[in-house]
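**Q** One structure follows; several queries about it will come next.
The values are calculated or read from the model by the stated rules, or taken from the named source; none is laboratory data. The model shown is predicted, which means the values in this text are computed figures rather than measured ones. Note: ideal-geometry Cβ built from the backbone for every residue, glycine included; neighbour counts use all protein chains shown. We work out accessible area using only protein heavy atoms, side chains counted, and drop any ligands, DNA or RNA first. Shrake-Rupley method; radii C 1.70, N 1.55, O 1.52, S 1.80 Å.
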Amino acid sequence: MSQRVYIFDTTLRDGEQSPGVSLTVGEKTQIARQLARLGVDIIEAGFPISSPGDFESVSAIARAVKGVAVAGLARAEFKDIDRAWEAVRHAEQARIHTFIATSDIHLKYKLRMTREQVLEAAVAAVKRARSYTSDVEFSAEDASRTDFDYLCRVLAAVIEAGATTVNIPDTVGYAIPGEWGVLINNICQRVAGIEKAVVSVHCHNDLGLAVANSLAAVINGARQVEGAINGIGERAGNAAVEEVIMAMHTRKDNLGFFTGARTEEIYRASRLVSTLTGMKVQANKAIVGDNAFAHEAGIHQDGVLKERTTYEIMNPSMIGISRSNLVLGKHSGRHALRQRLEDMGYFLSEEELNSAFASFKKLSDKKTHITGEDIEAIIEEQMSALPHSLTLSYLHISSGTTVVPTATVGLRRNGQLFEEAACGNGPVDAICKAVDKITGISCTMINWGINAVTSGKDALGDVNLKITTDGEKVFFGRGISTDILEASAKAYVNAVNKLIHIERTAAARQAEKNEVEN
Ligand code: KIV
Ligand code: ZN
């Protein structure tokens, strides 16, 4: 059996199901391009029937992203499968991923179906998918709590019907590595026809065991691992793709498996997903956390200075963290910025470079030394901007201990200036109210936080916030500046732009749908 393990990335489907995450089509496409650069084998781009927005994203990714298979999720129902095919059909390699729950608990309470009915639906779904594409994945949802003999019957039947990958999900994150390895091994031994399909696992992290379970499965015969960048996903998330890749890469001596991943793209993928989703990476997160390569204790620092491998099992450059200290300043030109960006792995178009250079020049008036982190923050802010959206033109604040905080805000869209003033409980509140007056949308801020991009009094402040209008859909915004209030204003405008963009596209699609139906 080959030792090659396929990486199936579900950041844009299961990952996007994380509470409070809503990405635009453009943002999802950017993430998909980075996943392709990272060298994952399959990108699960979304669940096309779940919403018109999901359909559009899957379809855009299928057309735009090359060199990787693109999958669309579908319940075991014909209408889902037809819709999934419509969305993925333009991909270089199009996969339909169909699923149905197989555990008695799901059959009884959720599906209200018998085992025979589920088996029939699974087979019919796979046959329908096979009528469109030769790349069909079947998932037995809640497999870890499914009766083993029944699970084997379902898997054998769907392979017979044409499934080329059979996925065994630990949907509720209940499995323990030892027993999970045994289960996968038994499936590989006992399911009729199993050699005709790739065995896959999809582990959730409710007990913090998703990566360990995924590796146990690979050791026991699985050859596809599903996961998400930074481990995002439903509840406690999915197996973190970067951890799975680096465990196999770093411990090849012990495990003996390999993937097609370009590990140097991991850090950029992690930053991009965190920036666009607003889901921060915890500092001590394995592989990509801020502290993953930081050494605090004197003994450790001393050891690393003498010989890096005393306390580091991976070289940070292997995952794309550059420790280059080259700083740029006021007199650095476009060429130097381009060079620095390319060293960091960002290859910008002329237009993008012009805009990054303008932000860089503005910053260099306020900050003497501009580091790699500052440049990364500028680029990330630029990436989350939407075309034809509102931008902050100017901001005037009056605030102090004895005055009512007041903000005057100027926003620009397509060259037109909109201005309003408002009072608030504090300066940030006043800014938000002035923006709300301009947009006519009243938003509630559900959290606000700031990080310093680098150290020092002139550090860039990186404001992250979340807003909602209905308490359900949450929009994330980010803004950076050496001035906290300006960063807050930019972050708020960024979140409002996303809200307007997503709601407007949804309304346009609904109108189109109504027109077709009438
Ligand atoms: O967790 C799960 O079971 C899933 C399936 C749709 C694969 O996400
Ligand atoms: Zn899942």
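**Q** Could you pull the Cα extents of region 274-389 along its three principal axes, largest to smallest, in whole Å?
**A** 50, 33, 24
**Q** Now, a different point. As I understand it, the value is the acute angle between the Cα axis of helix 372-383 and the longest principal axis of the Cα atoms of the chain; what does it come to in degrees, rounded to 10?
**A** On a 0 to 90 degree scale, this one is about 80.
**Q** Let me ask another. Rounding to the nearest 10 and keeping the result within 0 to 90°, find how far the Cα-based axis of helix 115-130 lies from the longest principal axis of the chain.
**A** It works out to around 70 degrees.
**Q** Roughly how many percent of the accessible protein surface of the chain is carbon and sulfur, given a 1.4 Å probe and a whole-percent answer?
**A** 52
**Q** If you don't mind, there's one more thing I want to ask. Starting from the exponent 0.38 and prefactor 2.2 Å, build the expected Rg for region 334-383 from its residue count and divide its actual Cα Rg by it.
**A** The value comes to 1.01.
**Q** Here is a further query. What lysines sit close enough to LYS110 to cross-link, taking a C-alpha to C-alpha distance under 28 Å and skipping anything fewer than 8 places away on the same chain?
**A** LYS110 reaches LYS79, LYS127, LYS473.
**Q** Here's another thing I want to ask about it. Please give me, ordered by residue number, the GluC sites (Glu not before Pro) of region 307-402 that lie in loop per DSSP and have at most 15 other Cβ atoms within 10 Å.
**A** Listed in order of number, the matching sites are GLU307, GLU312.
**Q** Calculate for the chain the 222 nm mean residue ellipticity that helices alone would give, adding -39,500 (n - 2.57) per DSSP H run of length 4 or more and normalising by residue count, nearest 500 deg cm²/dmol.
**A** Using -39500 (n - 2.57) per qualifying helix, the result is -13000 deg cm²/dmol.
**Q** Magnitude of the Cβ-charge dipole of the chain, K/R +1 and D/E -1, about the Cα centre, nearest 20 debye?
**A** With only Lys, Arg, Asp and Glu charged at Cβ, the dipole is about 540 debye.
**Q** Looking only at trypsin sites (Lys or Arg not before Pro) in DSSP loops with at most 15 other Cβ atoms within 10 Å, what is the longest site-free stretch of the chain?
**A** Result for the longest clean stretch: 331-456.
**Q** Then there's this: So what is the accessible area of region 391-506 per residue, in Å², with the probe set to 1.4 Å?
**A** For region 391-506, the per-residue accessible area is 47 Å².
**Q** Which entries in the list LYS28/LYS280; LYS66/LYS498; LYS437/LYS513 go over 20 Å, if you measure between the two C-alpha atoms of each?
**A** Beyond 20 Å: LYS66/LYS498; LYS437/LYS513.
**Q** Can you tell me, using C-alpha contacts under 8 Å and at least 6 residues apart, the relative contact order of the chain as a whole percent?
**A** About 11 percent, as a whole number.
**Q** With Rg and the Kirkwood Rh both taken from Cα atoms, where does Rg over Rh land for the chain?
**A** Rounded to two decimals, Rg/Rh equals 1.00.
**Q** Could you tell me how many cubic angstrom of Cα convex hull volume region 391-506 has per residue?
**A** 109
**Q** Same structure, new question: Roughly how tilted is helix 210-219, in degrees to the nearest 10 and between 0 and 90, from the longest Cα axis of the chain?
**A** Helix 210-219 sits at roughly 40 degrees to that axis.
**Q** At each listed q (0.09, 0.18, 0.24 Å⁻¹), what is the log10 of I(q)/I(0) that the Debye formula gives for region 115-219 modelled as equal alpha-carbon point scatterers?
**A** Listed by q, the Debye log ratios stand at -0.21, -0.81, -1.28.
**Q** Can you give me the Cα centroid spacing of region 111-152 and region 390-404 in angstrom?
**A** With region 111-152 and region 390-404 each reduced to a Cα centre, they are spaced 58 Å.
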